[in-house]
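Heads up: the structure comes next, in C-alpha cells.
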Amino acid sequence: MKVLLTGATGYIGRRLKEKLLEEENIQLRLFVRNKRKVREKYKDQLEIYEGDTFHVESLQKALEGIDVAYYLVHSMGAKGDFKELDRLSAENFLDACIRAKVKRIIYLGGLGEKQTASRHLLSRIETGEILSSKPEFIQTIWFRAGIIIGSGSASFEIIRNLVQKLPFIITPRWVHTKTQPISVSDVLEYLSQAKDLETNETLVVDIGSEQMSFKEMLIKASNVMGLKRRLFAVPFLSPKLSSYWLILMTPVPYRIAKALVEGLKSETIIQNENAKKYFLSVYPISYEKAISKAIYEIEKNQVLSRWCDSSAQEECDIRGQEIIESAVLKMKIINDFGQTPPEKVFASVLSIGGQQGWFKYNWLWKITGSIDKLIGGPGKHRSRRDLYDLRIGDSLDFWKVVDLIKGKRLLLVGQVKLPGKAWLEFSMEGTALILTASFLPKGLWGRFYWSFTKPLHRIVFSDIAKGIIQKAKSLA
Ligand SMILES: NC(=O)c1ccc[n+]([C@@H]2O[C@H](COP(=O)([O-])OP(=O)(O)OC[C@H]3O[C@@H](n4cnc5c(N)ncnc54)[C@H](OP(=O)(O)O)[C@@H]3O)[C@@H](O)[C@H]2O)c1
C-alpha cells in the first residue's frame, strides 16, 4: 500500500509518521512545505515531496501512485481568511486525489455541530464536508475528535500550565459545557487502522473517551498531578478576557487560546457510534490515563511533537527565517575549547535553554520572557521539546531553530518582540566555538536598542559560550 501523509511536520502528522513507519507493508511518502523540517535519518525510510496544497501541480505529483492519502492540514494561523484558504485547500486535495485515482482519503477534523460551532470548528467541518462530497469517485473516512490530550498538545499544555501554576483557578461560566477528550495515542490508532478498514463506504467517525466538562477536566488533571486545586467560575470573564488570561498563564498564543475558548462555549460530543462499529479493537483510554501518559512522556523526555511544530501560528513560523544576510549589525564571540571533544561541545550547544537554563543570568532571561509575554510575544513558556535534542522548527524559549547542521551549526531566530530581527548562531571551526549575534534593526529605534544593549549582550553571550565549553568538559 502506498500512503501519502500530508501535515507530516505538524502535531498529529509527526506522530502518525512514526506509527506508520512501524508497519512493514506500506510505502510512506510525505508531502511537506519545508523539507528541512524532516530529519536526515528518515530519508532512507520514506519519500519526501515538497509542495503546498495551494500549488496543484506539486500536489498532483505527490499523489501519483498513492492508494491512501491522509489529510492533516489546516490554515488556521495563515495570513488572510483561514476559512476560505481551508476550503480551497480541501477542494484542491479532493480533486487531485480523484485525478490520481487515490482509493481513500483519511481526514481528522473536530467534533461539534454546525449551528453552534466556532469559526475554527466550522472550517474543520466544512473541510470534512468537501472531502466527503464525492463518494461516487473517492471514499473518505472523516474522523472528528474533540480535545486531544498528549504531551505537547495545545490543550494539554493549557491544562498543565493552569493546574501547575494556580492554586485557585478563575474560569468563565461556560466551563460546564460537555466535551469528550481523547488521548493522542488513540487518535493515532484510529488513523492508522483506517487505512486497512474493509469497507467502501464514506464514513464520519466521531471519536472520544468519556464525556466531561472542562471544569472536570481541570479537577481530574489536578488529581493526577497530585495538586489540590479549586475552581471559581465568574461571570465577568468574556471570551476575550479569558483568551488573554490563557496567553499570560500558558505557552499558547492568542489565536489558539481564542479558538479553544470559543470552542468551549458549544458542546463537542460524539454524535455517531461508528468508532465502536468499525474499530472493534480500539478502546480509548480514560482522560486520567491520557494525562498521566502525557506527563510520563515529558518526564522521560519522549515528546515527539508539540503544538508549535507547524508554521500554523505566527509564533511558530520559520519560513525564510534562516536568511541572515540582511542582518547589518553583528557581534562575534570566539572561545577556544582546546582538547575537549568537539562532539561534546556540540552536544552541550544543543542542550541550552528551556528547563536547563542559559548557564548564567537565568533571571534576566526570565524577566525578558515575562516582559515579552506582557507585550504579546511568545515569552519563555514554550521552553523546549527535549532536554538534549533539537531539530529544525523546534521552539526554544523565545527562539526558534531555523538551521541545524550536526557538529557544525545551530541557528536560532529570536521571536521576542524587539525593534528588529535577531539571530543567535553557534558554529564550530577547528577548536573554536563561535557565537554570533546578528540583528536587523527596524529604523532608528532598532539601532538605538542594539547599541544600548550591546555591552550587556556581550557579557551574557560570552558567559553562555564559556558555560557551553564548561559543560562539554564535564560531559567528556
Ligand atoms: N492538535 C489537536 O489538538 C487537534 C484536535 C482536534 C482535531 N485536530 C485536527 O487534526 C488535524 C491536524 O492538526 P495538527 O494539530 O497536527 O495541526 P498542526 O500541528 O498545525 O499541523 C498542520 C500541518 O499542516 C501543514 N500545512 C498547513 N498548510 C499547508 C498547506 N497549504 N500545504 C501543505 N501542508 C500544509 C503544516 O506544515 P508546516 O509545518 O509547513 O506549517 C503542518 O505540517 C487538523 O485537521 C486538526 O483540525 C487536531
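Using only alpha carbons, the range 333-476 has a radius of gyration to Kirkwood radius ratio (Rg to Rh) of 0.95. Taking every lysine pair in the range 394-465 that is 8 or more places apart or spans two chains, those with Cα atoms closer than 14 Å amount to 4.
Using only the C-alpha atoms, the convex hull of the range 349-430 corresponds to 97 Å³ per residue. Here the range 130-206 has an Rg and Dmax of 17.3, 55 Å, counting Cα atoms alone.
For the range 300-456, the solvent-accessible area of protein heavy atoms averages 45 Å² per residue (probe radius 1.4 Å; ligands and nucleic acids excluded).
An ellipsoid equivalent to the range 1-136, defined through the eigenvalues of its Cα gyration tensor, has semi-axes of 24, 16, 14 Å when rounded to whole angstrom and sorted largest first.
Once you have the Kirkwood Rh of the range 261-382 from its Cα pairs, apply Stokes-Einstein at 10 °C and 1.306 mPa s and quote D in µm²/s. So the translational diffusion coefficient is about 79 µm²/s.
Phi-derived couplings, Karplus 6.51 cos²θ - 1.76 cosθ + 1.60 at θ = phi - 60°, listed residue by residue for the range 258-273: 5, 4, 5, 5, 5, x, 5, 6, 10, 5, 10, 10, 4, 10, 8, 9 Hz, with x used for Gly and Pro. Applying the Karplus relation 6.51 cos²θ - 1.76 cosθ + 1.60 with θ = phi - 60° to the range 388-397 yields 3J(HN,Hα) values of 10, 10, 10, 9, 4, x, 5, 8, 9, 6 Hz, where x marks Gly and Pro.
For the set K19/K195; K178/K289; K220/K277; K19/K293; K344/K366, the pairs lying more than 21 angstrom apart at their alpha carbons are K220/K277; K344/K366.
Set the Cα radius of gyration of the range 72-230 against 2.2 N^0.38 Å, with N its number of residues, and you get 1.19. Straight-distance candidates among the aspartates and glutamates for linking to K265, with alpha-carbon spacing under 17 Å and chain neighbours fewer than 8 residues away dropped: E113, E216. Using equal-weight Cα scatterers in the Debye expression, the normalised intensity of the range 1-73 in log10 at q = 0.12, 0.13, 0.22 Å⁻¹ is -0.26, -0.31, -0.95. Computed extension length for K293-R230: 20.3 nm, one decimal, from 0.36 nm per residue of separation with the Cα-Cα distance subtracted. With the convex hull of its Cα atoms as the shape, the chain has an orientation-averaged projected area of 23.3 nm². Pairwise Cα separations in the range 414-454 fall into 5 Å bins from 0 onward with the following percentages, short to long: 6, 22, 26, 18, 10, 10, 6, 1. DSSP beta bridges fully contained in the chain are about 50 percent antiparallel.
Calculate I(q)/I(0) for the range 47-108 by the Debye formula, one identical point scatterer on each C-alpha and no solvent, and give its log10 at q = 0.12, 0.21 Å⁻¹ to two decimals. With one equal scatterer per Cα and no solvent, log10 I(q)/I(0) is -0.28, -0.82.
Evaluated at q = 0.22, 0.23 Å⁻¹, the base-10 log of the normalised Debye intensity for the range 199-262, with identical point scatterers placed on the Cα atoms, takes the values -1.09, -1.13. The slack between Q302 and K360, meaning 0.36 nm per residue of separation minus the straight C-alpha distance, is 18.2 nm.
Surface composition of the range 139-238: carbon plus sulfur atoms hold 53% of the accessible area, using a 1.4 angstrom probe and ignoring ligands, DNA and RNA. Residue ranges 376-384, 240-248 sort as 376-384, 240-248 when ordered by packing (mean number of other C-beta atoms within 10 Å per residue, highest first).
Could you give the Stokes-Einstein D for the range 395-476 in µm² per second, using the C-alpha Kirkwood radius, 37 °C, 0.692 mPa s? In µm²/s, the coefficient rounds to 236.
Taking 4.7 Å between C-beta atoms as the pairing limit, the chain has these partnerless cysteines: C97. The Cα atoms of the range 147-265 cover 50, 30, 24 Å along the three principal axes, with the biggest extent listed first. Compactness check for the range 324-386: Cα Rg over 2.2 N^0.38 Å is 1.43.
Using a cutoff of 8 angstrom between alpha carbon atoms and counting only pairs six or more residues apart, the relative contact order for the range 12-53 works out to 40 percent.
Ranked by the mean number of other Cβ atoms within 10 Å of their residues, highest first, the peptides 354-363, 313-322 come out as 313-322, 354-363. Label separation (K41 vs E22): 1.6 nm, computed from points 7 Å beyond Cα along the C-beta direction.
The values are calculated or read from the model by the stated rules, or taken from the named source; none is laboratory data. Please read these numbers as outputs of a predicted model, since none were measured by experiment. No Cβ is skipped: glycine too gets one built from the backbone with ideal geometry, and neighbour counts run over all protein chains shown. Note: accessible area is taken over every heavy atom of the protein model, side chains too, but ligands, DNA and RNA are not part of it. Shrake-Rupley method; radii C 1.70, N 1.55, O 1.52, S 1.80 Å.
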